[in-house]
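K.L.:
Can you keep this structure in mind? I'll have questions shortly.
The values are calculated or read from the model by the stated rules, or taken from the named source; none is laboratory data. Bear in mind that the values here come from a model prediction, so they are computed numbers and not experimental data. Quick reminder, even Gly has a Cβ in these numbers, built from the backbone with ideal geometry, and neighbours come from all protein chains shown. Side chains are part of the model used for accessible areas, which takes the heavy atoms of the whole protein and leaves out ligands, DNA and RNA. Shrake-Rupley method; radii C 1.70, N 1.55, O 1.52, S 1.80 Å.
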Amino acid sequence: MLLVAKGTLQVCFVLTGERVLTIMEEMKMVKCRTMVMAALVPTLFSVSVPASAGLVFGTSARTQFDGFVATLGDTYESFDGFPGQTNLTTQVPGVTFRTTADGFGFGSFRPPVDLEVNVICSPANPFSSSCGSSETDHLIGGVRAGGITDGQSVYEIVFATGQLRAGLTRTMNTFALTRFFSGTTLLAEHQSTTGEEFVGFLTDALNPITRIEIDGIIHPNATGSIYQVGYSDDLYFGSVAENTGGGGSTPEPATWLLALPALLAMRRKLLT
């Protein structure tokens, strides 16, 4: 292994299984045990973190996720291939769609349910299975117990395995909410800033996205409990890590743990 350092320490050669050699520093022979361990320890439990980790939204975020599809092979689902009023559950590989709260309630109470999610022709035609010729951009929405998809029921998108990125287009108004979870931990919540807006989240392997919850708040001018949940479209998700280091991906913690015994053995040799 060849290590290169900044400053007065120039070069240190380490031979696996042998005593540390020496380095030349201002014409003096100095053991480089400190330099070697300093180089090894910071990378021992490092995890690749995306360059723009966190919540992103808007047209630039959508473009960024399109790039992930092209370069990293992320999944993109438009829902356009499903007929109107399709009961969507597990038809998209690796994803489960589920309505969790009925839109018909009183006050803050919305009856919990365990139902499918419906594909709709358009926000203007959410109840029909016959989509018009111009209604080619299909969306999805939660359903009430009676099967009505009126944009008020809470629903979720659950991933079979944790994802490093996920996002989708939200269609309603500025009272729509989108939440990203890792297990039971809330990673982020976003309230839409426009009537149609893409929102996504990027994370690392320690906090993968396991589900997206689609919700909304009560419109301040509404009569009764009319939640502004709305509809969703253009789902993106991916689990291939970005190469942010320029020289190959960074090994995950489990990989380094496999090498830990050898590193500790090296450390003992360096200190003797």
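K.L.:
Measuring from centroid to centroid over Cα atoms, what is the spacing of the stretch 168-233 and the stretch 51-118 in Å?
P.N.:
After rounding, the separation between the Cα centres reads 10 Å.
K.L.:
Check which residues have an amide H placed less than 5 Å from residue 216's amide H, if you skip close sequence neighbours.
P.N.:
Amide H to amide H, under 5 Å and 5 or more residues apart or across chains, residue 216 pairs with 177.
K.L.:
In Å², and per residue, what accessible area does the stretch 90-187 have when probed at 1.4 Å with the other protein chains present?
P.N.:
It amounts to 41 Å² per residue over the stretch 90-187.
K.L.:
At R0 = 22 Å, how high is the FRET efficiency between residue 127 and residue 194 if r is their beta carbon distance? Nearest 0.05 is fine.
P.N.:
Using R0 = 22 Å, I get an efficiency of 0.30.
K.L.:
Would you mind putting 182-190, 111-119 in packing order, based on average other-beta-carbon counts within 10 Å, highest first?
P.N.:
Packing order, densest peptide first, comes out as 111-119, 182-190.
K.L.:
Which order, highest average first, do 166-173, 64-71 follow once you tally other Cβ atoms within 10 Å for each residue and take the mean per peptide?
P.N.:
Ranked from most to least packed, the peptides come out as 166-173, 64-71.
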